[in-house]
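*Asks:* Can you read through this structure? Questions will come right after.
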Amino acid sequence: MRPGPASRGSAERALTSVAAGAGYESEAHRARQSDQGEGLESEPVQTPRLWHVTLSVSGAAAPLDELRRGLEQLAHDHPFLLTSRYAPDHAEIRYWEEARDLHDAAAVALRLWGEHRQSAQLPPWEIVGLEVIGRDTYHQRIAEGYGPLPAAPVGVHPF
């Protein structure tokens, strides 16, 4: 589970990320183990990576002030949220997710809206788009002038 206090309405399922566990030990830890003569498994250890997520949602028009308040609550509940843009009938949420692989990052992203819908009082919209790209790909796109611009200013803004 993400650090920090539980979101309001914690009776519902909480959004979780993939736990690091023993398979994600740092290079320094592995070096100490080998210095101490402890055996290391021959399988390569997968470390968590950063993924840039863009989640698009859409549905029936909602009052803008309620939508903005809901997105601000989502940003409070999900501290890694970079920016949200919204209009009466759609919104786009961008953030960084730390996960072992794309599948794990996408799974968390696909649960984000539904799992926070009640606690943040978000509209009953459906997910209509999802993009998950690795950190290197994100930075390569930005350097080449493609892809979404870096999230500045950070926060919740109208389209």
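*Asks:* Look at residue 73 and say whether it is of a type in the set (S, T, N, Q), at pLDDT 90 or above, out of contact with any strand residue (DSSP E or B) (no Cβ under 6 Å at 6 or more places or on another chain) and surrounded by 14 or more Cβ atoms within 10 Å (Cβ to Cβ).
*Replies:* Values: of a type in the set (S, T, N, Q): yes; at pLDDT 90 or above: yes; out of contact with any strand residue (DSSP E or B) (no Cβ under 6 Å at 6 or more places or on another chain): yes; surrounded by 14 or more Cβ atoms within 10 Å (Cβ to Cβ): yes.
Here the answer is yes, as residue 73 does meet what is asked.
*Asks:* Tell me which residues, restricted to the stretch 95-129, are assigned to a loop (DSSP other than H, G, I, E, B) and closer than 21 Å to residue 59 by Cα. Before you say what the answer is, go through the steps one by one.
*Replies:* Of the stretch 95-129, the ones assigned to a loop (DSSP other than H, G, I, E, B) are 100-101, 117-125.
Listed by number, the residues that qualify are 117, 118, 119, 120, 121, 122, 123, 124, 125.
*Asks:* Please count how many residues of the stretch 71-89 are closer than 16 Å to residue 127 by Cα, in contact (Cβ under 8 Å) with a residue 40 or more places away in the chain and not hydroxyl-bearing (Ser, Thr, Tyr). It would help to see each step written out before you state the result.
*Replies:* So in the stretch 71-89, the residues closer than 16 Å to residue 127 by Cα come out as 71, 74, 84-89.
Checking the rest, the ones that are also in contact (Cβ under 8 Å) with a residue 40 or more places away in the chain come to 71, 74, 84-87.
Within this subset, residues satisfying the condition of being not hydroxyl-bearing (Ser, Thr, Tyr) are 71, 74, 85, 87.
Number of matching residues: 4.
*Asks:* I'm told residue 121 meets every condition in (1) open to solvent by 40 Å² or more (accessible area, probe 1.4 Å); (2) over 17 Å from residue 132 (Cα atoms); (3) touching a residue at least 60 places away in the same chain (Cβ under 8 Å) except one. Can you identify the failing condition by its number?
*Replies:* (3)
*Asks:* Still on this structure, I have one more. Can you name every residue in the stretch 45-57 that is in contact with an Asp or Glu (Cβ under 6 Å, 6 or more places away or on another chain) and outside any strand (DSSP E or B)?
*Replies:* Answer for the stretch 45-57, where residues must be in contact with an Asp or Glu (Cβ under 6 Å, 6 or more places away or on another chain) and outside any strand (DSSP E or B): just 48.
*Asks:* Being modelled with pLDDT of 95 or more and open to solvent by less than 60 Å² (accessible area, probe 1.4 Å): is that true of residue 151 here?
*Replies:* In short, no.
*Asks:* Would it be correct to say that residue 127 is of a type in the set (A, V, I, L, M) and under 18 Å from the mean Cα position of the chain (by Cα)?
*Replies:* yes
*Asks:* How many residues are assigned to a strand (DSSP E or B) and buried (at least 16 other Cβ atoms within 10 Å of the Cβ) when one looks only at the stretch 76-88?
*Replies:* Final tally of qualifying residues: 6.
*Asks:* How many residues, within the stretch 73-89, are touching a Gly at 6+ places or on another chain (Cβ under 8 Å) and closer than 28 Å to residue 61 by Cβ?
*Replies:* Residues flagged as touching a Gly at 6+ places or on another chain (Cβ under 8 Å) and closer than 28 Å to residue 61 by Cβ within the stretch 73-89 amount to 4.
*Asks:* Ok, one more. Out of 60, 91, 31, I need the residue that is at pLDDT 95 or above and either in a helix (DSSP H, G or I) or open to solvent by 70 Å² or more (accessible area, probe 1.4 Å) (or both). Which one?
*Replies:* 60
The values are calculated or read from the model by the stated rules, or taken from the named source; none is laboratory data. Here the structure is a predicted model, which means the values were calculated and not measured. Here Cβ is always computed from backbone atoms with ideal geometry, including for glycine, and neighbour counts include all displayed protein chains. These area figures cover heavy atoms from the full protein model, side chains too; ligands, DNA and RNA do not enter into them. Shrake-Rupley method; radii C 1.70, N 1.55, O 1.52, S 1.80 Å.
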